[in-house]
Amino acid sequence: MRVLPRRTVAAMLAAGVVLAGQWAGPASAAPSGSGRPAGGPVPVVYDSDMDFDDASTLALLCEEHKLGRIDLRAVTVANNGFGAPGRALTHARSVLEQCGLPRVPVADGATGAGVNPAPPELVDTIETVLTGALDDADHPVPPSPLGAAQLIGRAARTAPRDVVLLATGPMTNLADALASPGVRDRVARIYVMGGALAVPGNLYGSALPGFDNSQEFNMWMDPPSARRMLLRARPGTVHVVPLDATRFVPITPDFVARLGAEQTAPGARIAYRIASQPDLAALIDLGIMYWWDALAAVWLVHDDIVTARRTVPISVVQAGEQSGRTVVDRYGARVRAAFEADRAAFEERFLDSLNGRR
């Protein structure tokens, strides 16, 4: 059994990972609704760096696909985030196979260490958690026939209608795809888990030196791509789920217990195996883990989960101790940003979807 090093946990706590900051101003109430437009399942492309939260989110998307609420057209992973290069691709394939969707196209991209590399201590922990949960240590890693940006572009151009992109890792693949001819205009909406607008950041461990911890990891790992993504997206299409909103959806031992008691579909079984792995369970017990990426995915399908959102202009700081910070900037790109979420409603939706219940 491998346990998380005490120095890693101590560094996380010292960095304020609990995210106790408060939004500085009021946010408008959201209209209720399913978020599901007429005309059949919403075509979705999911891009992530495949850490434990991303893998659980992919399990959710698989079940939403089987329920007919979305059409999961492609899955892409970045190799410059929290997922170990090569292994992130394997884990994505494992989740799809175990959910009964092995034919969904998968590709990786964004190779290299990234502008700001993820803390190696957490990369190692994530690899231990996912390999243990998915039991895929010996699975082969055949290369994907297309790169991630190419697959995103192909999925967007060939979908029966405009696609929705969900990005929960560094924005590298997404920014590259949006630069491809014909892609930008085939994207209806983009949901991004990233940024911190009026709460502290969540850097910790070896990521902290040289930065002031105003940053959220996904934006911090590749600030130039985050900026390019915002500039390349069609105005009005980007929906951002920053730490301001995710602080309302902690991963609790009680929810993990419920998940363990209700496993009627592969998605629920995968999510429970991930959350109950010893390294992750230890962090959940400390109260410092959140359903960061899953909130963005649930908002994509169920609009009423986000109870407060505002349209704000944002930009991403490119240099200095605040590099990677998302800031409200009158000259920035206008996005729809979530600030609060209904925790009870989120947990019910998440649990129902993972179990294949309508």
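The values are calculated or read from the model by the stated rules, or taken from the named source; none is laboratory data. Please read all numbers here as calculations on a predicted model, not as lab measurements. Note that we place each Cβ from the backbone using ideal geometry, even for glycine, and neighbour counts take in every protein chain shown. Surface areas here come from the heavy atoms of the whole protein model, side chains and all, with no ligands, DNA or RNA. Shrake-Rupley method; radii C 1.70, N 1.55, O 1.52, S 1.80 Å.
Annotations for the structure displayed:
- With only the Cα atoms considered, the chain has a convex hull volume of 120 Å³ per residue.
- Using the 1.4 Å probe convention, the accessible area of the range 194-327 works out to 30 Å² per residue with neighbouring protein chains retained.
- The magnitude of the dipole of the chain, with charges of +1 and -1 set on the Cβ of Lys/Arg and Asp/Glu and taken from the Cα centre, is near 1140 debye.
- Shape category assigned to the range 258-358 from the gyration tensor of Cα positions, a/c cut at 1.5: oblate
- Compactness of the range 132-272 - radius of gyration and Dmax, Cα, Å: 18.0, 48
- Computed per residue of the chain from DSSP H runs no shorter than four, each worth -39500 (n - 2.57), the mean residue ellipticity at 222 nm is -11000 deg cm²/dmol.
- Which of 200, 256, 119, positive extreme of dipole for the chain (C-beta unit charges): 200
- Length, then width, then depth: along the principal axes, the Cα atoms of the range 192-266 run 44, 35, 23 Å.
- For the range 208-256 versus the range 302-358, the gap between their alpha-carbon centres in whole angstrom: 8 Å
- For the chain, modelled as a GNM whose springs connect Cα atoms under 10 angstrom apart, the maximal fluctuation among 128, 158, 246 occurs at 158.
- Listed residues 50, 140, 180: farthest to the positive end of the dipole of the chain (Cβ charges): 180
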